[in-house]
1. Checking the conditions here, which among P82, P150, P124 is out of contact with any Gly (no Cβ under 6 Å at 6 or more places or on another chain) and over 30 Å from H220 (Cα atoms)?
2. With open to solvent by less than 50 Å² (accessible area, probe 1.4 Å), farther than 26 Å from T78 by Cβ and not in a helix (DSSP H, G or I) as the only criterion, which of A180, A165 stands out?
3. Being touching a residue at least 60 places away in the same chain (Cβ under 8 Å) and polar (S, T, N, Q) is the filter here; which residues of the stretch 110-168 pass it?
4. May I ask you to say which residue of F196, F227 is in a helix (DSSP H, G or I), within 25 Å of T152 (Cα to Cα) and touching a residue at least 12 places away in the same chain (Cβ under 8 Å)?
5. Just a yes or no: is a residue in the stretch 222-236 touching a strand residue (DSSP E or B) at 6+ places or on another chain (Cβ under 7 Å) and open to solvent by less than 40 Å² (accessible area, probe 1.4 Å)?
6. List the number of the failed condition for E39; all other conditions in (1) open to solvent by 30 Å² or more (accessible area, probe 1.4 Å); (2) acidic (D, E); (3) under 19 Å from the mean Cα position of the chain (by Cα) hold.
7. May I ask you to list the residues in the stretch 42-97 that are aliphatic (A, V, I, L, M), open to solvent by 20 Å² or more (accessible area, probe 1.4 Å) and out of contact with any strand residue (DSSP E or B) (no Cβ under 9 Å at 6 or more places or on another chain)?
8. Take the conditions within 21 Å of N73 (Cα to Cα) and open to solvent by 40 Å² or more (accessible area, probe 1.4 Å) and apply them to E203. Does it pass?
Amino acid sequence: MKRRSFVKTSLITTAMGAVIPQISMASEKSKTGNQEFYELRVYTLKSEQQQQLVEDYFENAAIPALNRLGIKNIGVFTELKPTGQTKIIVLIPYNSLDHFITTQDKLTADTVYQTQGNAYLNAPASEPAYERIESSLLKAFTHFTKLQVPGTSPRIFELRRYEHATENAGKKKLEMFNDAGEIDIFKRLGFKPVFFGETLIGESRPNLIYMITFDDMAAHDSHWKSFGGDAEWKKISSIPDYADAKLVSHITSTMLSPAKCSQI
């Protein structure tokens, strides 16, 4: 009887040993499986003609084709106060890495897209559609898994990049946004975040990038003043492990206006 009980207990223990890791893996997958991925493109241009060609490409070819593939809320922006010819910044959300990879092949096979985008896709080397494209691949934060469109009223946008001295500093800053409540402060103070993303591939890594939006520059200044004086922010930022001097080595802020074709 004791042996039968021992065998039964051993079998249960063995079964649980096999099942628990699977449950843990499934749980981990459920936490991260719904996070979007973002392609952030920066087009360097030398002329208004190139700007028009790129904007026409997105309006008439790229955005309609991506929409047909189930990709919505594509952002196309120009710099609010450029020094010289503006850059064009494009934000494309994907449901998963596989979604990102397969989309490129589907666009190649899309004859309507190829026809509508011909002037851009097949621009001659003597008259290129742009000078260069810099692309970054981002993964959405765990506490802000989906891109959020702020509305249709006229708005300006701020794209911010926080660079870190080390990968561990970057992970700590992610923790500050996700777990310590920094994202919640942005929401509570009315910044209307569009996305938060950790840069997986791109320039100036390690870094994170996010986008927030305002009615105008006066609202921008007012919101950031409120943020700096917020009691909860002061509490979080006073924690030694979260000091900016440890976690953020450089901040780049770019003010943007949505292009006519932008869906954000």
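The values are calculated or read from the model by the stated rules, or taken from the named source; none is laboratory data. The shown structure was predicted, so the numbers you read here are calculated from the model rather than taken from an experiment. No Cβ is skipped: glycine too gets one built from the backbone with ideal geometry, and neighbour counts run over all protein chains shown. The protein model used for the area step is the full one, side chains on, heavy atoms only, and it has no ligands, DNA or RNA in it. Shrake-Rupley method; radii C 1.70, N 1.55, O 1.52, S 1.80 Å.
1. Numbers: P82 fails: over 30 Å from H220 (Cα atoms); P150 fails: over 30 Å from H220 (Cα atoms).
Just one listed residue meets the conditions, P124.
2. Numbers: A165 fails: open to solvent by less than 50 Å² (accessible area, probe 1.4 Å).
Selected residue: A180, the only one of A180, A165 that is open to solvent by less than 50 Å² (accessible area, probe 1.4 Å), farther than 26 Å from T78 by Cβ and not in a helix (DSSP H, G or I).
3. S135, S136, T142, T145, S153
4. Details: F196 fails: in a helix (DSSP H, G or I).
Result: F227 is the single residue among F196, F227 that is in a helix (DSSP H, G or I), within 25 Å of T152 (Cα to Cα) and touching a residue at least 12 places away in the same chain (Cβ under 8 Å).
5. Initially, the stretch 222-236 is screened for residues touching a strand residue (DSSP E or B) at 6+ places or on another chain (Cβ under 7 Å), giving 223.
From what's left, open to solvent by less than 40 Å² (accessible area, probe 1.4 Å): none.
Within the stretch 222-236, none of the residues are touching a strand residue (DSSP E or B) at 6+ places or on another chain (Cβ under 7 Å) and open to solvent by less than 40 Å² (accessible area, probe 1.4 Å).
6. (1)
7. First, the residues of the stretch 42-97 that are aliphatic (A, V, I, L, M): 42, 45, 53-54, 61-63, 65-66, 69, 71, 74, 76, 80, 88-92, 97.
Next, only the ones that are open to solvent by 20 Å² or more (accessible area, probe 1.4 Å) stay: 42, 53, 69, 80, 97.
Within the stretch 42-97, L53, L69 qualify.
8. Numbers: within 21 Å of N73 (Cα to Cα): no; open to solvent by 40 Å² or more (accessible area, probe 1.4 Å): yes.
Judged against the criteria, E203 is not a match.
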